[in-house]
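Remarks on the structure that follows.
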Amino acid sequence: EDKVVQSPLSLVVHEGDTVTLNCSYEVTNFRSLLWYKQEKKAPTFLFMLTSSGIEKKSGRLSSILDKKELFSILNITATQTGDSAVYLCAVVAQANTGNQFYFGTGTSLTVIP
Amino acid sequence: EPEVTQTPSHQVTQMGQEVILRCVPISNHLYFYWYRQILGQKVEFLVSFYNNEISEKSEIFDDQFSVERPDGSNFTLKIRSTKLEDSAMYFCASRRDRGTIQPQHFGDGTRLSIL
């Protein structure tokens, strides 16, 4: 049973386009939601969201969380070829002895020059 | 900036052999993780480790797997009697604080290929 579902699975856009990536989740004892960018190797951290409605922004990337509807979106404006990567959503839930991280399958973004 | 380091970057092993994947977490981090990512699939949680013991483990982490922190810096994943389906990228991650949520920092991974 998937706890974190990302959509679309893949996306191909042209440079300069704006994209919106979706992440929905269903976990018990939610604590936070994280976005990562994965290029060839390790996922690199982008954002951590714990409160609804508060936008996190870093350059052309922004993200927001809706804890009522159980989803988050990641926006990338004016896309560049360097944005091509898999974007992973992870949800942190309180487990018996600590925090458990659940990852989605990722959205593969390809930006064409 | 400190980072999580993993060795080797690629390990090729015959089926049935034992492998040890090594990780050096960031030095002031307290919580350590292993994840697996089979080619083309999602990142899967294997195990978390805190205070010298396993704190959580997934269904994937059966008796074939074990983790150890043999000294103050290394964190290892041992896979006994490897199977073809163990072929995957294995990521180590560490996190600074247990109480408050902090993002995990990932190593570059070890690509394990079982022949």
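Quick notes
- Check on A:Ser62, under 15 Å from the mean Cα position of the chain (by Cα), free of Cβ contacts under 8 Å to residues at least 40 places away in the same chain, open to solvent by less than 70 Å² (accessible area, probe 1.4 Å) and closer than 30 Å to B:Val4 by Cα: yes
To keep it simple, each residue is scored yes or no on (1) of a type in the set (Lys, Arg); (2) within 13 Å of chain B (Cβ to nearest Cβ); (3) more than 30 Å from B:Leu112 (Cα to Cα).
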site: A:Pro8; (1), (2), (3): no, no, no
site: A:Leu11; (1), (2), (3): no, no, no
site: A:Glu15; (1), (2), (3): no, no, yes
site: A:Asn22; (1), (2), (3): no, no, yes
site: A:Glu26; (1), (2), (3): no, no, yes
site: A:Leu34; (1), (2), (3): no, yes, no
site: A:Lys40; (1), (2), (3): yes, yes, no
site: A:Phe45; (1), (2), (3): no, yes, no
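- Those residues of the stretch A:86-110 which are open to solvent by 10 Å² or more (accessible area, probe 1.4 Å) and more than 13 Å from chain B (Cβ to nearest Cβ), in sequence order: A:Thr110
- For the stretch B:48-78, the set of residues classified as open to solvent by less than 20 Å² (accessible area, probe 1.4 Å), more than 11 Å from chain A (Cβ to nearest Cβ) and under 18 Å from B:Arg95 (Cα atoms) consists of B:Phe75, B:Thr76, B:Leu77, listed by residue number.
- Consider the stretch B:9-42 and keep the residues that are under 14 Å from the mean Cα position of the chain (by Cα) and among the charged types (D, E, K, R). The one that is farthest from the other protein chains (Cβ to nearest Cβ) is B:Arg22.
- Residue match in the stretch B:50-67 (condition: farther than 28 Å from A:Ser32 by Cβ and not in a loop (DSSP other than H, G, I, E, B)): yes
The values are calculated or read from the model by the stated rules, or taken from the named source; none is laboratory data. Treat the numbers as computed from the prediction; the structure is a model and nothing was measured. Heads up, the Cβs are rebuilt from the backbone with ideal geometry, glycines too, and the neighbour counts pull from every protein chain shown. We work out accessible area using only protein heavy atoms, side chains counted, and drop any ligands, DNA or RNA first. Shrake-Rupley method; radii C 1.70, N 1.55, O 1.52, S 1.80 Å.
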